[in-house]
Amino acid sequence: MPIFGLALDLGTTILKGAAVNLENGRIKKKVNLPNPQNHLGSDVVTRISKALRGRYDRLRNLLFFGIREIKKCLGFKRPSFTTVVGNPVNLSFYLNKPLNGLARYPFRSELKEGVFLKNPPSYIFPCLGGFIGGDTVAGLIASGLNKSKKISLYVDLGTNGEVVLVTPEKIFAVSTAAGPAFEGTGVTCGSFALPGAIDRLSASGGYKRRIRYRTIGKKKPIGICASGLIDLLGIMLEIGYLREDGRLLKEITIGGIKISQNDIRKLQLAVAAIHTGIEILLQKVGLKPSEIKETILTGEFGSHLNQKSLMRIGLLPQKIEKIHQEKDLPLRGAIMALLDKKIFEEAEGIREKAKQIELALEPNFPKTFVSALRLRPWG
């Protein structure tokens, strides 16, 4: 009878799992489920606050309920071995560790090195500090950037937007409070990437521009998922419906879905957060955007983005040489660890090489963030 391992990615908004045949390395099945913790807050800051006010056990129980549902969907209860990645908050819940250090400056998690458990047999990936967790470490391994000799950029576009700058000598990482907008939630017009979600937009028609859209599965529109939202910002800027400062100049409805000024503001803040993280890291190391040789984008919608739109709205600098878009890199890193024990050492090596940068402590942070709020190309 085959021996199966379980890989888990405990994300803020989405929980992911994979059943892996440990004898031949084949993935039997993957599953994604909404994180049940979403009912008690869409971001980790809200969940930390509620945990410290007496809801810790409730949040932990919700997380494990989600994990049990993943196992049920995958078809087994007791894997031979489990690898776990995720943000420091969810990994703290998983290991029953306190969250007090993440509630206030200097935002320190009790989790550092990777953790091996005997019951159940498992390995929990190390964290890089603050809100930068094992999902970032696993994603770097899956991308191969941790072994790159080039100056490279790793960007995880999620609720906690992680940005990592990899140089031959050092790894620099920041966590940015992008919020849930990039997950297709947190905005009234937003949606997960489900059938009916608008995932691509374009403009045509000369003087009287017409916005065209595509939905997943060619179903009736139910909302706009993250890749569509990024296209939306770029198109609205291009046709003059939106100012660079985020002011909506014309009310717009796409596929029966109204776009509000508040939605635009939330997306604007998410874009500025990622932009600021990238720019601060470049300033810290003394590099120009043109010196970045390779960029990996990941996240729930990392493989579905329009690169032109990303640069038009200023999320990424224009002069990056090569951009790859990859989905599920953290989960892929967890799967790799199931099949190769050397990955455990590789994960610890990244932790030792990495340096976390506190954005709020950087002298240029306020000025950089305010500038990044303008939706325009840069670099």
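The values are calculated or read from the model by the stated rules, or taken from the named source; none is laboratory data. Only a predicted model underlies this, so the values are computations on that prediction, with no experimental measurement involved. Here the Cβ positions follow ideal geometry from the backbone for every residue, glycine too, while neighbour counts run over all protein chains shown. Only protein heavy atoms, including side chains, enter the accessible area calculation; ligands, DNA and RNA are left aside. Shrake-Rupley method; radii C 1.70, N 1.55, O 1.52, S 1.80 Å.
So the values come out like this:
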{"item": "In Å², nearest 10: area of His275 left accessible to a 1.4 Å probe", "result": "10"}
{"item": "Accessible-area value, Phe64, 1.4 Å probe, nucleic acids and ligands omitted, Å²", "result": "60"}
{"item": "Of the trypsin sites (Lys or Arg not before Pro) in region 292-372, those whose Cβ has at most 12 other Cβ within 10 Å and which sit in DSSP loop", "result": "Lys322, Lys341"}
{"item": "Set Lys50/Lys355; Lys218/Lys319; Lys50/Lys342 screened for pairs whose C-alpha atoms are more than 31 Å apart", "result": "Lys218/Lys319; Lys50/Lys342"}
{"item": "Label-point separation in nm, Arg108 to Arg55, each point 7 Å along Cα→Cβ", "result": "2.8"}
{"item": "Cys127, Cys73, reordered so the largest accessible area comes first (probe 1.4 Å)", "result": "Cys73, Cys127"}
{"item": "Of all accessible heavy-atom area on region 178-319, the percent that carbon and sulfur account for (1.4 Å)", "result": "50"}
{"item": "Which labelled figure in (1) 26, 47, 24, 2; (2) 29, 58, 12, 0; (3) 33, 59, 8, 0 is P(r) over Cα pairs in 20 Å bins from 0, in percent, once derived from the coordinates", "result": "(2)"}
{"item": "Neighbour cut-off at most 14 other Cβ (10 Å), DSSP loop, GluC sites (Glu not before Pro), region 140-245", "result": "Glu169, Glu244"}
{"item": "The chain, relative contact order in percent, only Cα pairs under 8 angstrom and at least six apart counted", "result": "18"}
{"item": "Distance violations [Cα-Cα > 27 Å] among Lys149/Lys327; Lys147/Lys341; Lys284/Lys322; Lys293/Lys327; Lys77/Lys341; Lys97/Lys266", "result": "Lys97/Lys266"}
{"item": "Förster-model FRET efficiency, 51 Å R0, Glu244 and Leu33, C-beta, rounded to 0.05", "result": "0.85"}
{"item": "Top positive-direction residue, dipole computed over region 131-216 with Cβ charges, set Val164, Thr176, Tyr213", "result": "Tyr213"}
{"item": "Surface per residue (accessible, 1.4 Å probe) for region 21-126, Å²", "result": "55"}
{"item": "Prolate/oblate/rounded call for region 274-379, Cα gyration tensor, a/c under 1.5 rounded", "result": "oblate"}
{"item": "Loop trypsin sites (Lys or Arg not before Pro), region 217-250, which have at most 12 other Cβ atoms in a 10 Å radius of their Cβ (DSSP)", "result": "Lys219, Arg247, Lys250"}
{"item": "Potential extension, Val370-Lys355 segment - 0.36 nm per residue separation minus Cα distance", "result": "2.9 nm"}
{"item": "Relative contact order computed over region 1-154 (Cα-Cα under 8 Å; 6+ residues apart), in percent", "result": "20"}
{"item": "Asp43 accessible area, 1.4 Å probe, all protein chains in place, Å² to nearest 10", "result": "40"}
